[in-house]
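The values are calculated or read from the model by the stated rules, or taken from the named source; none is laboratory data. Quick caveat: nothing in here was measured; it's all calculated off a predicted structure. Neighbour counts are summed over all protein chains in view; Cβ atoms, including those assigned to glycine, are modelled from backbone coordinates with ideal geometry. Note: accessible area is taken over every heavy atom of the protein model, side chains too, but ligands, DNA and RNA are not part of it. Shrake-Rupley method; radii C 1.70, N 1.55, O 1.52, S 1.80 Å.
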Amino acid sequence: MSFTEESVRLPVIDAVVCCVDDERFASFSGDLRSQLAGFGLRDIIRISDAAAMHDGYNRGAEKSDSEWLLFCHDDIRVLAINRESWTKAMAESDLFGPCGTNLLQGANWYESDPNHLYGSVVAPRSSSDGFEHQVFGKTRSLVSGAQAIDGLFMMSRRSVWENIKFSSDFTGFTLYDIDYSYRAHLRGYRVAILADLLLLHYSLVSEFSAVKLAHWKSNQEKFLEKFNFRQRGSSYVKHSTSPYEDVNLLHPRFTTG
């Protein structure tokens, strides 16, 4: 069956984003509205003074009454989105994103065994100009039974957020996503990975500030203690990479904070 905009009315979505820069937000919001045209996007709620991601996302969600909330970074761009897969994800899951794991083994989802990683993302090459396609798992379908998803793009039913909210246990702008999605999994919500949703993420860990890196390290230790993780994943990203060439990626680079 082919789903069309006329045959299926998608639920209303409000996006919530933390962004301090006016020019950056204008570029991001214009892109997102264009990319999700016809997919139910109504408003983009900007929080420009978030003390931490949990603070910004919770305050933003409180301003919305939509059935679905999109929590996402301000340095992303949707490259590929399939309406039929998207519709299926909204019907069969409560929380989903483009990459993650169905067996969390540490404080970072990508540290899990390769057989339990799914999805992919396009990112800047760390050693040269251009972009690379980072593939974590090669399935092209909706992966149900996920335990954790990446926070660059998280689609959440409002009912999930109302029941678990983003935790203030973690400072800064890291680990909020693993905590949120893992708690959703533990509560019995249907967490999924929409592997054919492809995003460009203008982000490099090498560009993180010393403060952000310190918060990340501290938050990982807090997460492991909070959920009593005794097996710690290996500290490297398991994926295959290949060059990603697309003339449509002529877009300004953003430096992550």
Could you state how much accessible area Arg83 has, in square angstrom rounded to the nearest 10, with a 1.4 Å probe and all protein chains kept in place?
40 Å²
Put +1 on the Cβ of each Lys and Arg and -1 on the Cβ of each Asp and Glu in the chain; which of Gly40, Pro11, Asn219 then has its Cα farthest toward the positive end of the dipole?
Asn219
Could you tell me the distance between the Cα centroids of region 3-69 and region 98-144, to the nearest Å?
23 Å
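For the chain, with all protein chains present and a 1.4 Å probe, just round the carbon and sulfur fraction of the accessible area to a whole percent.
Details: 5610 of 11700 Å².
After summing per-atom areas, the C and S share lands at 48 percent.
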Hey, what did the chain get for relative contact order, percent, Cα under 8 Å, at least 6 apart?
24 percent
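Need one word for region 138-223: rounded, prolate or oblate. Basis is the Cα gyration tensor (sqrt eigenvalues a ≥ b ≥ c); a/c below 1.5 gives rounded, then a/b vs b/c decides. If you can, show how the numbers build up before the last one.
On the way: a/c = 2.24, a/b = 1.25, b/c = 1.79.
Note, shape of region 138-223 comes out oblate.
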Considering only protein heavy atoms, what is the solvent-accessible area of His73 at a probe of 1.4 Å, reported in Å² to the nearest 10?
40 Å²
Estimated 222 nm signal from helices in the chain, with DSSP H stretches of n ≥ 4 weighted -39500 (n - 2.57), rounded to 500:
-8000 deg cm²/dmol
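If the convex hull of the alpha-carbon atoms of region 91-156 is projected onto planes in all directions, what is the mean projected area in square nanometres?
Numbers: hull surface 20.5 nm².
Its average projected convex-hull area is 5.1 nm².
Using the Cα gyration tensor of region 176-230, with a ≥ b ≥ c the square roots of its eigenvalues, what is the shape: rounded (a/c below 1.5), prolate (a/b larger than b/c) or oblate (neither)? Don't skip to the end; give the middle numbers.
Numbers: a/c = 3.31, a/b = 1.10, b/c = 3.00.
It is oblate, given that a/c is not under 1.5 and a/b is not larger than b/c.
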Just for the chain, what percent of DSSP beta bridges are antiparallel, to the closest 5?
65 percent
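What's the extension gain from Lys63 to Asp31 if we count 0.36 nm per residue and subtract their Cα-Cα distance?
Details: separation 32, 0.36 × 32 = 11.52 nm, distance 2.20 nm.
Using 0.36 nm per residue and subtracting the Cα-Cα distance, I get 9.3 nm.
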Cβ-placed point charges (K, R +1; D, E -1), dipole of the chain about Cα centre in debye, nearest 20
640 debye
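Charges at C-beta only: +1 for Lys and Arg, -1 for Asp and Glu. How large is the resulting dipole of region 1-125 about its Cα centre, in Debye rounded to 20?
Charge dipole of region 1-125: 260 debye, to the nearest 20.
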Between Gln105 and residues 5 or more places away or on another chain, the pairs with built amide H atoms under 5 Å apart involve Ser112
